[in-house]
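The values are calculated or read from the model by the stated rules, or taken from the named source; none is laboratory data. Since the model is a prediction, treat every value here as computed from it, not as a measurement. Cβ: placed from backbone, ideal geometry, glycine included. Neighbour counts: every protein chain shown. Accessible surface areas use protein heavy atoms only, side chains included; no ligands, DNA or RNA. Shrake-Rupley method; radii C 1.70, N 1.55, O 1.52, S 1.80 Å.
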Amino acid sequence: MCQTCGCATVGEIAIDADRHHHHHQSIASHPPRQKIAIDRGILSKNDRLAEQNREYFKTKGVFVLNILSSPGSGKTALIERMLQDCNEFCIGVIVGDLETDNDARRLRSHGAPAIQITTGNACHLEAGMVARAAEQLDLDALDLLIIENVGNLVCPAAYDLGEDLRVVLLSVTEGEDKPLKYPTIFKTAEVAIVNKIDLAAAVEFDRSLSIANIKQIAPQATIFEVSAKTGRGMEDWEAYLRKNILLTSC
Amino acid sequence: MHEVSIVQKALEIALEQAQGATKIHALKLRVGELSGVVPEALEFAFEVVVQGTIASEARLEIDRIPVVCHCSTCNLDFQPANLFYECPQCHQISIDIVCGRELEIASLEVS
């Protein structure tokens with residue numbers, strides 16, 4: 001049998017080359033198939049850049065947060081509250097959105113350097129985007145860099161940005177079962193923050209069910225319950241953060 | 001959206017690794033259950049992304065990798081029955097995920 005194409009020819013075929021359909025005219029018309037093993041992560045380039053970011057931020061003594069949530073959970077409000085409360089630290093922000101620089105402008109109004117990344121159609125931030133945005137910040141002057149990811153509970157999970165701490169935020173208005181619906185992202189987070197607890201009663205939020213769901217899906221995560229709007233519960237989260245920032249700067 | 005960019009990155013790696021080949025016949029990926037990527041969406045994106053390249057007629061093979069966790073108490077690797085990753089013996093929830101996060105390009109078939 002022909003090894004090239006599987007046709008039923010045997011040995012040295014003496015059929016007229018003009019009439020026979022292929023391989024004896026030119027082997028080049030049927031080059032053999034070859035398997036190439038690659039075994040490489042599709043996002044390996046991002047992972048490499050993220051590791052470079054992590055090393056670079058470390059040499060600059062900057063602690064880095066990557067905050068993930070669905071749109072409207074209150075990421076920007078949480079950061080605004082942190083800028084007010086943790087003003088003993090120099091904090092910079094990189095914020096990702098599909099369009100507009102509204103969030104960066106909100107954050108700059110608190111005096112923080114804030115770089116907006118508009119991703120166009122991309123649904124997540126990548127390590128390379130963060131590296132380019134960070135070039136616009138004076139990292140030597142910063143203690144904390146907060147990356148506000150694009151509002152999305154799916155895609156950002158796969159992209160390491162070089163952060164020290166991955167924080168997933170959900171709000172009481174989204175329902176108690178958010179971690180069950182988006183388990184992947186919750187399983188990658190070191191911290192889970194429940195926001196808008198000031199609205200819990202109004203939306204009949206079942207606090208214990210929500211906490212139980214997070215603990216079951218993401219037992220590795222430290223959980224905080226806050227209202228970025230009223231400031232309730234922020235002190236526990238901020239104490240945890242302060243401890244981590246100080247450990248980095250030592 | 002996300003799957004399109006994943007497939008584009010996979011194709012970039014494939015084209016780079018296929019040096020000298022005139023045709024990519026097959027591309028094999030390993031996709032973990034916890035990778036955040038939907039295989040069906042990858043297949044759909046693949047058909048679009050490969051057009052006009054030497055992989056335009058390539059077959060996409062996806063190896064789906066189930067989640068496997070390790071329980072340190074029982075020293076047991078297990079496939080969780082549901083999202084909660086509970087050890088079938090001691091019922092503790094495991095945070096040690098052995099596999100299931102893969103998003104890899106395994107191999108190519110070229111000529």
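Each row is one residue, and each column tells you yes or no for (1) open to solvent by 60 Å² or more (accessible area, probe 1.4 Å); (2) in a loop (DSSP other than H, G, I, E, B); (3) free of Cβ contacts under 8 Å to residues at least 60 places away in the same chain.
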residue	(1), (2), (3)
A:A212	no, no, yes
A:K215	yes, no, yes
A:S227	no, yes, yes
A:Y240	no, no, yes
A:T248	no, no, no
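Is it the case, given these coordinates, that B:V48 is more than 10 Å from chain A (Cβ to nearest Cβ) and assigned to a strand (DSSP E or B)?
On the way: more than 10 Å from chain A (Cβ to nearest Cβ): yes; assigned to a strand (DSSP E or B): no.
Here the answer is no, as B:V48 does not meet what is asked.
Go through region A:180-210 and report how many residues are away from every other protein chain (no Cβ under 11 Å), in a helix (DSSP H, G or I) and open to solvent by less than 50 Å² (accessible area, probe 1.4 Å).
The total comes to 2.
For region A:117-141, enumerate the residues that are open to solvent by less than 10 Å² (accessible area, probe 1.4 Å), within 14 Å of another protein chain (Cβ to nearest Cβ) and closer than 25 Å to A:G61 by Cα.
Once the filter is applied, which keeps residues that are open to solvent by less than 10 Å² (accessible area, probe 1.4 Å), within 14 Å of another protein chain (Cβ to nearest Cβ) and closer than 25 Å to A:G61 by Cα, region A:117-141 yields A:L125, A:A127.
Could you check region A:57-84 and list, in sequence order, the residues that are among the acidic types (D, E) and open to solvent by 50 Å² or more (accessible area, probe 1.4 Å)? Spell out the reasoning first.
Keep residues of region A:57-84 that are among the acidic types (D, E), which gives A:80.
Matches in region A:57-84: none.
Between a first residue in region A:166-179 that is open to solvent by 10 Å² or more (accessible area, probe 1.4 Å) and a second residue that is in a strand (DSSP E or B), which pairs have beta carbons less than 7 Å apart while being 6 or more apart in sequence or on different chains?
Matching pairs, first to second residue: A:R166/A:N66; A:R166/A:L68; A:K178/A:L170.
Looking at the structure I just gave you, is A:L144 modelled with pLDDT of 95 or more, within 18 Å of the chain's Cα centre (by Cα), open to solvent by less than 10 Å² (accessible area, probe 1.4 Å) and farther than 28 Å from B:E104 by Cβ? Write out each step before concluding.
Details: modelled with pLDDT of 95 or more: yes; within 18 Å of the chain's Cα centre (by Cα): yes; open to solvent by less than 10 Å² (accessible area, probe 1.4 Å): yes; farther than 28 Å from B:E104 by Cβ: yes.
When the stated conditions are applied, A:L144 passes them.
Give region B:85-111 a look and list any residue that's open to solvent by 30 Å² or more (accessible area, probe 1.4 Å) and in contact (Cβ under 8 Å) with a residue 60 or more places away in the chain, or say none. Before you say what the answer is, go through the steps one by one.
Taking region B:85-111 first, the residues open to solvent by 30 Å² or more (accessible area, probe 1.4 Å) are B:86, B:88-93, B:95-99, B:101-102, B:104, B:109.
Residues satisfying the conditions are B:I97, B:C99, B:R101, B:E102, B:E104, B:E109.
Among (1) closer than 24 Å to A:N121 by Cα; (2) open to solvent by 70 Å² or more (accessible area, probe 1.4 Å), there is one condition B:V49 misses while meeting the rest; what is its number?
B:V49 satisfies all of (1) closer than 24 Å to A:N121 by Cα; (2) open to solvent by 70 Å² or more (accessible area, probe 1.4 Å) except (2).
In region B:4-34, which residues are facing chain A (nearest Cβ under 9 Å) and among the polar types (S, T, N, Q)?
B:S5, B:Q17, B:T22
Return the pairs, sorted by first residue and then second, in which the second residue is open to solvent by 90 Å² or more (accessible area, probe 1.4 Å) and aliphatic (A, V, I, L, M), the first residue lies in region B:55-83 and is farther than 30 Å from B:V110 by Cα, the beta carbons are less than 9 Å apart, and the residues are 6+ apart or on different chains.
So the pair list comes out as B:C69/B:I95.
In region B:62-84, how many are modelled with pLDDT of 95 or more, open to solvent by less than 60 Å² (accessible area, probe 1.4 Å) and either assigned to a strand (DSSP E or B) or at the interface with chain A (Cβ under 8 Å from one of its Cβ atoms) (or both)?
8
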